[in-house]
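Working notes, structure below.
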Amino acid sequence: GESVGLHLPTLSVQEGDNSIINCAYSNSASDYFIWYKQESGKGPQFIIDIRSNMDKRQGQRVTVLLNKTVKHLSLQIAATQPGDSAVYFCAENPPMRFGAGTRLTVKP
Amino acid sequence: NAGVTQTPKFQVLKTGQSMTLQCAQDMNHNSMYWYRQDPGMGLRLIYYSASEGTTDKGEVPNGYNVSRLNKREFSLRLESAAPSQTSVYFCASSPGGTYGYTFGSGTRLTVV
């Protein structure tokens, strides 16, 4: 069946390092992808999105890369800060489906 | 601040009790959604409303009912709560189509 999944459930990085969170998807019809951040006790928060006609999109300290050939999505966070510690979800659409998430821990 | 408001934030129910989770958005979004989040399971769609006046089942609708009261409000009802419904429930809204969702802060429900 089709699924949205993540390669790693946890990721630990040093403050100041770059973080890369990966996501695999299997629905070749998906044309819109989103990354969400969820801090403890809060709802998911939109970070960045990308449409299937692009392979890269940059925001403030974050970059999303889309490789449609291998159905892979990644989120890169530059100069990771303690405030970046959270669970990160990828989602594909349509329909909107979420992966289980990767927990990012930033060590001071 | 504009956004999605959920009430209550916490609730404990006894098995067999009923309750309604409330959700309201003030962004004039067309579509609204109810998800549950369990450890290691990610977000699973319970019901959604693509537009005012319509509702549809999602991935895990059994044991739940919904009402799209108006464009702003979308409620989720548990008629006879079961321990398996212990979860964190999130409401979300979107303009519709391929756009990101705005989530509420969640309702933590425990059924004993």
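The values are calculated or read from the model by the stated rules, or taken from the named source; none is laboratory data. Quick caveat: nothing in here was measured; it's all calculated off a predicted structure. With ideal geometry, Cβ positions are generated from the backbone for all residues, glycine too; neighbour counts draw on all protein chains shown.
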Filter pass, residue A:65 being at pLDDT 95 or above, buried (at least 16 other Cβ atoms within 10 Å of the Cβ) and not basic (Lys, Arg): yes
Would the range B:11-25 turn up any residue that is in a loop (DSSP other than H, G, I, E, B) and closer than 27 Å to residue A:88 by Cβ? no
Positions within the range B:72-108 being farther than 14 Å from residue B:5 by Cα, more than 14 Å from chain A (Cβ to nearest Cβ) and either assigned to a loop (DSSP other than H, G, I, E, B) or among the β-branched types (Val, Ile, Thr) (or both), in sequence order: B:79, B:80, B:81, B:82, B:86
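Name every residue in the range B:27-45 that is within 19 Å of residue B:71 (Cα to Cα) and of a type outside the set (Phe, Trp, Tyr), in order of residue number. Talk me through it step by step, then tell me what you get.
Restricting attention to the range B:27-45, the residues satisfying the condition of being within 19 Å of residue B:71 (Cα to Cα) are B:27-35.
Correct list: B:27, B:28, B:29, B:30, B:31, B:32.
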In the range A:68-108, which residues are modelled with pLDDT of 90 or more and of a type in the set (Lys, Arg)? A:68, A:71, A:103, A:107
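Please tell me if residue B:67 is within 14 Å of chain A (Cβ to nearest Cβ) and touching an Asp or Glu at 6+ places or on another chain (Cβ under 9 Å). Step through it out loud before you land on a result.
Numbers: within 14 Å of chain A (Cβ to nearest Cβ): no; touching an Asp or Glu at 6+ places or on another chain (Cβ under 9 Å): yes.
Judged against the criteria, residue B:67 is not a match.
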What are the pairs with Cβ atoms under 6 angstrom where one residue, in the range B:7-30, is closer than 16 Å to residue B:77 by Cβ and the other, located anywhere, is of a type in the set (A, V, I, L, M) and in a loop (DSSP other than H, G, I, E, B)? Sequence gap at least six, or different chains. B:13/B:81; B:17/B:81
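For the range A:1-97, please list each of the strands (runs of 3 or more DSSP E) lying entirely inside it that holds at least 2 residues being in contact (Cβ under 8 Å) with a residue 24 or more places away in the chain, within 11 Å of chain B (Cβ to nearest Cβ) and among the β-branched types (Val, Ile, Thr).
Numbers: elements: A:10-14, A:19-25, A:32-38, A:45-51, A:56-58, A:62-67, A:72-77, A:86-93.
Fully inside the range A:1-97 and qualifying: A:45-51.
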How many residues are surrounded by fewer than 19 Cβ atoms within 10 Å (Cβ to Cβ), assigned to a strand (DSSP E or B) and either away from chain B (no Cβ under 14 Å) or among the hydroxyl-bearing types (Ser, Thr, Tyr) (or both) when one looks only at the range A:98-108? 2
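Given the residues A:16, A:1, which is the only one that is surrounded by fewer than 16 Cβ atoms within 10 Å (Cβ to Cβ), among the small types (Gly, Ala, Ser) and at pLDDT 95 or above?
Details: A:1 fails: at pLDDT 95 or above.
Result of the check over A:16, A:1: A:16.
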